Amino acid sequence: MIKFSNVEKKYPNGLLALNDINLTIEKGEYVAVIGLSGAGKSTFIRCINRMHDITDGTLIVNDVEVAGLKGKEVRQFRRNIGMIFQSFNLVTRTTVLKNVLVSFVPDLPFWRKIFGLFTKEQKMQALSALDQVGILDKAYTRVDQLSGGQQQRVALARTLAQNPDIILADEPVASLDPVTAGQVMDDFKKINQEMNITVIMNIHHVDLALAYADRIIGIRKGEVVFDGKSSMVNQSV
Ligand code: ADP
Ligand code: ADP
């Protein structure tokens, strides 16, 4: 569960990016965060994994008060939270499998880390994550030979290999064509439903948000101006 209570985020330059946010996201929800560019969507999701520090209020994620975490605890905390970006953030000149295995690097003992030696179990886990997003046949293909949609699936598999209970996605389909974007949204839906992983996604395509997410949070100028089920929105328009 994620609970925002009177959360404020003010950047050092004085800009108030989030103002008095109060809401709860339950385990297993699929939430789309919508709003114009500059509304505060990225700030909102980046506070959840402590990529940004909140400046007032309380933010609780999985029973932990996020602001109270220190150094090593932050890393441990983030292991359960996957992050997906618009730009995929993959190492494009190497294979799909190697990109997924990267998520195990923090778990390796030093000597395995320097040689990049992964265990058989880790390889099986990586392959199974690739299977979950339908690109197992690409495991030994170089990432730069894949389409944008396939690359986003690699990023998704890398996150799944980490066995997260929350996935944060910052405009994950913004650089994809409409058909591919729909397919990637489908993958998120499948992961959300079959694995009960909470998905919180920033997206500026309102149509896609309504078609795939269960709940819509609308942000404008750092404030929540809408929060409701997408079925409710669909009925009223
Ligand atoms: P969105 O994701 O909806 O486009 P952001 O969360 O990126 O919005 O930004 C919200 C507001 O905060 C914007 O006005 C943006 O310019 C500002 N902002 C974002 N990051 C910083 C930063 N590091 N320092 C100062 N202002 C920032
Ligand atoms: P380490 O320092 O041991 O490499 P990190 O703190 O870099 O560990 O990463 C731990 C986890 O936190 C990663 O698996 C990743 O999901 C998440 N994480 C860390 N930094 C970022 C970041 N800048 N953006 C998104 N997620 C991050």
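Quick look at the values:
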read-out: Degrees between helix 178-195 axis and first principal axis of the chain (Cα, 0 to 90, nearest 10); value: 90 degrees
read-out: Heavy atoms of Ser103: accessible area, 1.4 Å probe, square angstrom to 10; value: 10 Å²
read-out: With Cα atoms, 0 to 90° folded angle of helix 120-132 axis to the chain main axis; value: 50 degrees
read-out: Value of D in µm² per second that Stokes-Einstein yields for the chain, Kirkwood Rh from Cα pairs, at 37 °C (0.692 mPa s); value: 178 µm²/s
read-out: Fully extended contour minus Cα-Cα distance, from Lys10 to Glu73, at 0.36 nm per residue; value: 20.3 nm
read-out: Kirkwood-based shape ratio for region 1-82, expressed as Rg/Rh from alpha carbons; value: 0.94
read-out: Acute angle (nearest 10 degrees) that the helix 148-161 long axis makes with the longest principal axis of the chain, alpha-carbon atoms; value: 90 degrees
read-out: Cross-link partners of Lys27 among lysines (Cα-Cα below 17 Å; sequence separation of 8 or more within a chain); value: Lys3, Lys189, Lys190, Lys229
read-out: Structure-based [θ]222 nm, the chain - -39500 (n - 2.57) summed over DSSP H runs of at least 4, per residue, nearest 500; value: -10500 deg cm²/dmol
read-out: Lysines whose Cα lies under 19 Å from that of Lys98, excluding same-chain neighbours fewer than 8 positions away; value: Lys113, Lys120, Lys123, Lys138
read-out: Percent accessible area from carbon and sulfur atoms, the chain, protein chains only, probe 1.4 Å; value: 51 percent
read-out: Within a Gaussian network of the chain (alpha carbon springs, distance under 10 Å), most fluctuating of Lys138, Lys98, Lys70; value: Lys70
read-out: Computed lengthening from Glu194 to Glu223, 0.36 nm per intervening residue step minus Cα-Cα distance; value: 7.2 nm
read-out: Region 113-186 - accessible surface per residue (Å², probe 1.4 Å); value: 46 Å²
read-out: Calculated FRET efficiency for the pair Asp137/Val64, C-beta based, R₀ 35 Å, to 0.05; value: 0.35
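The values are calculated or read from the model by the stated rules, or taken from the named source; none is laboratory data. None of the values given here were measured: they were computed from a predicted structure. Methodologically, a virtual Cβ is constructed for each residue, glycine included, from the backbone with ideal geometry; neighbour enumeration extends over all protein chains shown. Only protein heavy atoms, including side chains, enter the accessible area calculation; ligands, DNA and RNA are left aside. Shrake-Rupley method; radii C 1.70, N 1.55, O 1.52, S 1.80 Å.
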